[in-house]
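These notes concern the structure reproduced below.
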Amino acid sequence: MRQTTQGLLFFAGGITIILLGLAPGTSYVPSASAATSSVAAAQSPSSSQTSKLSAPLLRLMAEMPVLRQLVAPPTITPAPVPPTIGVSPTSLSFAIQRSSGNPTAQALNISNTGGGTLNWNASDNATWLALSPVSGSNRGTITVNVATGSLAVGTYSSVVTVTAPGAKSASVPVTVTVTAAPVPPSLGATPSSLTFTALQGGGNPATQTLNISNTGGGTLNWNASDNATWLTLSPTSGSGNGSISANVDLGNLSVGTHNALITVTAGGSTRTVQVTLTVSAASLTVTPGDLTFTATQGAANPSAQTITLGSTGTWTASHNASWLSLSPASGTKNGTIIASVNTTTAKPGNNTATITVTGGGLTKTANVILTLNAPSNSSATLTWNANKEKDLAGYKVYRATVSGAYGAPIATLIGNVTTYQAIGLKFGTTYFFVVTAFDIAGNESAYSNEVSKSVF
């Protein structure tokens, strides 16, 4: 190498290279490609490059094409960007109930997030998983279907793998959850039959209950109906467990057996309940047919009397007199009624009333006569032994309705009188009497022995 005033002189591979007009401290090292490139392939330096070269060098480059190639830097082409697999979403999840069919298909989106062309292929590792399509170029969508027909209750996992030449593979986890199928509702109705009995013309039989139940799962919505005018149901619909009241209206039903059917439906289920109503002929007797009472006004009430009833069903008894009372006033089948009289609300003379007994559409009566006699005054005559005292002045008579409970005397007798008649005594009352003696000084003896009298 030799330095000149114009630049540096190099010998390289038999080619003399003279670099002229380079700035001090600047060097140029040709690349291997530049040293071996064909002269015909030389490129001219760009305007920005030539603006930095001196005029002598530019003249020399014009005369020497090889030098122009060496001075112009080679064009460097960047390496190609490889394709990259992009997947969205990054995982798939399915949920389905057993025996309810396959779940809705889901989409897996494929994209090229790198360069070049992405030629991809997709596969999975589960028999219950199906992909469509399984290959494509650059962007695409894979439809992912799950066939759960053979899957038992549980959780299942698989992987969808997407591959492409020159690209790293992508994996997408797939999860399928199979839950148990819901238990359908099941209709239950108890009892399986209802039986009513009644008397023709009598009262309606007691209400009976039909119980509705859900013997399965889910929600049971039910409806009930019947096919008889004499039968009424309440309510006629409901949800879940419940009860239905069955009521019978006898109306003018004839004697005999009457049948009906209750139908309960829920979804595709039906339950029927047989209803039987037996109407019997009624029977009612009242013995005796007449009652007679006798009493005295102001005296004690006469004794109660009994009526005997023969009945095949329920009965009620009533009367039309304020002085008459009945006990009991109602009953079932055979029984007795006690008839009592209260003379305080009756008038003197003859009082009449009627006892009416009804049952099973039948009516029986019994006549009642109360003869109330007018009151009469009663009396009691008292006698006692004469007092022997010389200064005796007389006697005092005492009366009470309770033994020993005496107040003031009811009579004062002067002289040695030994008899007294007590009048105005009331019927139905017991009276008690005593007598005392008193002298002329007013001294009074103790009570005599006590005597009593009951007035009836």
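The values are calculated or read from the model by the stated rules, or taken from the named source; none is laboratory data. Model, not experiment: these values are computed from the prediction. Cβ: placed from backbone, ideal geometry, glycine included. Neighbour counts: every protein chain shown.
Couple of notes before you dig in:
- Residues that are modelled with pLDDT under 95 and under 19 Å from LYS426 (Cα atoms) number at least 3 in the following strands (runs of 3 or more DSSP E) confined to the range 288-356: 290-296.
- Residue match in the range 211-227 (condition: within 30 Å of THR363 (Cα to Cα) and either in the same structural domain as ASN252 (by TED's automatic domain parsing) or in contact with a Phe, Trp or Tyr (Cβ under 6 Å, 6 or more places away or on another chain) (or both)): no
- Within the range 116-169, strands (runs of 3 or more DSSP E) holding 1 or more residues that are of a type in the set (Val, Ile, Thr): 140-146, 154-164
- Cross-chain or 6+ apart pairs with Cβ under 8 Å, the range 286-297 first and without any contact (Cβ under 8 Å) to a residue 60 or more places away in the chain and of a type outside the set (Gly, Ala, Ser), then in a strand (DSSP E or B) and surrounded by fewer than 19 Cβ atoms within 10 Å (Cβ to Cβ): THR287/THR308; THR287/GLY310
- Unique match (being exposed (fewer than 13 other Cβ atoms within 10 Å of the Cβ) and under 30 Å from SER318 (Cα atoms)) among ALA366, ALA374: ALA374
- One residue from LEU118, LEU92 being in the same structural domain as PRO173 (by TED's automatic domain parsing), touching a Leu at 6+ places or on another chain (Cβ under 8 Å) and in contact (Cβ under 8 Å) with a residue 24 or more places away in the chain: LEU92
A quick yes/no check of all residues on (1) surrounded by 13 or more Cβ atoms within 10 Å (Cβ to Cβ); (2) more than 23 Å from SER186 (Cβ to Cβ); (3) without any contact (Cβ under 8 Å) to a residue 12 or more places away in the chain:
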| position | (1), (2), (3) |
| --- | --- |
| THR209 | no, no, no |
| SER213 | yes, no, no |
| TRP222 | yes, no, no |
| LEU231 | yes, yes, no |
| SER254 | no, yes, no |
| HIS258 | yes, yes, no |
| ILE262 | yes, no, no |
| GLN274 | yes, no, no |
| ALA281 | yes, yes, no |
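- Considering residues of the range 95-115 that are part of a loop (DSSP other than H, G, I, E, B) and more than 44 Å from the chain's Cα centre (by Cα) only, the residue nearest to VAL146 (Cα to Cα): THR113
- Selection of the range 192-206 for residues being over 18 Å from THR265 (Cβ atoms) and part of a loop (DSSP other than H, G, I, E, B) yields GLN200, GLY201, GLY202, GLY203, ASN204, PRO205, ALA206.
- Any chance GLY242 is out of contact with any Ser or Thr (no Cβ under 6 Å at 6 or more places or on another chain) and more than 30 Å from THR316 (Cβ to Cβ): yes
- Residues (within 17 Å of ASN385 (Cβ to Cβ) and either hydroxyl-bearing (Ser, Thr, Tyr) or in contact (Cβ under 8 Å) with a residue 40 or more places away in the chain (or both)) located in the range 445-456: SER445, TYR447, SER448, GLU450, VAL451
- Strands (runs of 3 or more DSSP E) wholly inside the range 401-456 containing at least 3 residues that are loosely packed, with under 12 Cβ neighbours inside 10 Å and more than 60 Å from the chain's Cα centre (by Cα): 419-425
- Residues in the range 227-265 that are in a strand (DSSP E or B), over 19 Å from the mean Cα position of the chain (by Cα) and of a type in the set (S, T, N, Q): THR232, ASN247, THR257, ASN259, THR263, THR265.
- Residue within the range 374-389 that is free of Cβ contacts under 8 Å to residues at least 12 places away in the same chain and farther than 30 Å from SER448 by Cβ present: no
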